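Peer 1: To start, I am sharing the structure in question, which I have written as structure tokens.
The values are calculated or read from the model by the stated rules, or taken from the named source; none is laboratory data. This structure is a prediction, so every number in the text was calculated from the model and none was measured. No Cβ is skipped: glycine too gets one built from the backbone with ideal geometry, and neighbour counts run over all protein chains shown. Just so you know, the surface numbers come from the protein's heavy atoms only, side chains and all, with ligands and any DNA or RNA stripped out. Shrake-Rupley method; radii C 1.70, N 1.55, O 1.52, S 1.80 Å.
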Amino acid sequence: MVTEGQNITITVKNVKNNTGQVMVALHTADTWMKGQGLQNINSKIENNQVSITFKNVTPGTYAIMVLHDENTNNRMDFDNGMPTENYGMSNNPMSYGPPQFSESKFEINTEDLEFNIRF
């Protein structure tokens with residue numbers, strides 16, 4: 001019998017404008033800050049917000065990274081090592097330096113989850 005996983009819905013309500021796209025990636029500790037996530041969704045921005053759902057996520061430990069890709073080049077842009085585009089993570093940690101998986105991780109088991117992520 002095939003068992004489907006859970007759904008994780010991510011909402012971002014404070015996108016600074018409707019330019020470009022919002023990129024949302026679901027990561028494990030193995031993929032965090034190393035490129036593409038296990039699931040990746042690019043979303044159009046409407047009324048300065050986006051909402052997407054990752055479907056059929058198997059139980060485990062994950063983290064979510066969100067990027068406002070204003071120039072639609074499918075990557076985060078930097079100036080002198082600092083990000084020039086807004087980003088956020090699950091749990092909305094307020095930390096300095098590179099995003100840490102340990103601050104953003106969460107468990108998914110048998111319940112669907114919802115996250116409001118702030119830029």
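Peer 1: What residue, among those in the stretch 1-17 that are assigned to a loop (DSSP other than H, G, I, E, B) and either surrounded by 14 or more Cβ atoms within 10 Å (Cβ to Cβ) or of a type in the set (Gly, Ala, Ser) (or both), is modelled with the highest pLDDT?
Peer 2: Checked the stretch 1-17; the qualifying residue modelled with the highest pLDDT is Val15.
Peer 1: Give me a count of the residues in the stretch 86-111 that are touching a residue at least 12 places away in the same chain (Cβ under 8 Å) and aliphatic (A, V, I, L, M).
Peer 2: Number satisfying all stated conditions: 2.
Peer 1: Now for a different question. Would you tally the residues in the stretch 9-49 being touching a residue at least 40 places away in the same chain (Cβ under 8 Å) and among the β-branched types (Val, Ile, Thr)?
Peer 2: So the answer is 8.
Peer 1: I'd like to know if the stretch 27-39 contains one or more residues that are touching a Ser or Thr at 6+ places or on another chain (Cβ under 6 Å) and more than 16 Å from Gly5 (Cβ to Cβ).
Peer 2: There is no residue in the stretch 27-39 that is touching a Ser or Thr at 6+ places or on another chain (Cβ under 6 Å) and more than 16 Å from Gly5 (Cβ to Cβ).
Peer 1: Does Asp77 meet the test of being within 13 Å of the chain's Cα centre (by Cα) and over 15 Å from Ile8 (Cα atoms)?
Peer 2: Criteria not met by Asp77.
Peer 1: Determine if the stretch 39-59 includes at least one residue that is of a type in the set (Ser, Thr, Tyr), under 13 Å from Lys105 (Cβ atoms) and at pLDDT 95 or above.
Peer 2: No, the stretch 39-59 contains no residue that is of a type in the set (Ser, Thr, Tyr), under 13 Å from Lys105 (Cβ atoms) and at pLDDT 95 or above.
Peer 1: Could we say that Arg118 is under 22 Å from Asn18 (Cα atoms) and modelled with pLDDT under 95 here?
Peer 2: no
Peer 1: Mind listing just one residue for me: the one in the stretch 99-111 that is more than 27 Å from Thr19 (Cα to Cα) and under 16 Å from the mean Cα position of the chain (by Cα) and, of those, least open to solvent (accessible area, probe 1.4 Å)?
Peer 2: In this case the residue turns out to be Ile108.
Peer 1: Continuing with this model, one more query. Identify all residues within the stretch 65-98 that are in contact with a strand residue (DSSP E or B) (Cβ under 6 Å, 6 or more places away or on another chain), buried (at least 18 other Cβ atoms within 10 Å of the Cβ) and of a type outside the set (Gly, Ala, Ser); write none if there are none.
Peer 2: Within the stretch 65-98, Met65, Val66, Leu67, His68, Asp69, Glu85, Asn86, Met89 qualify.
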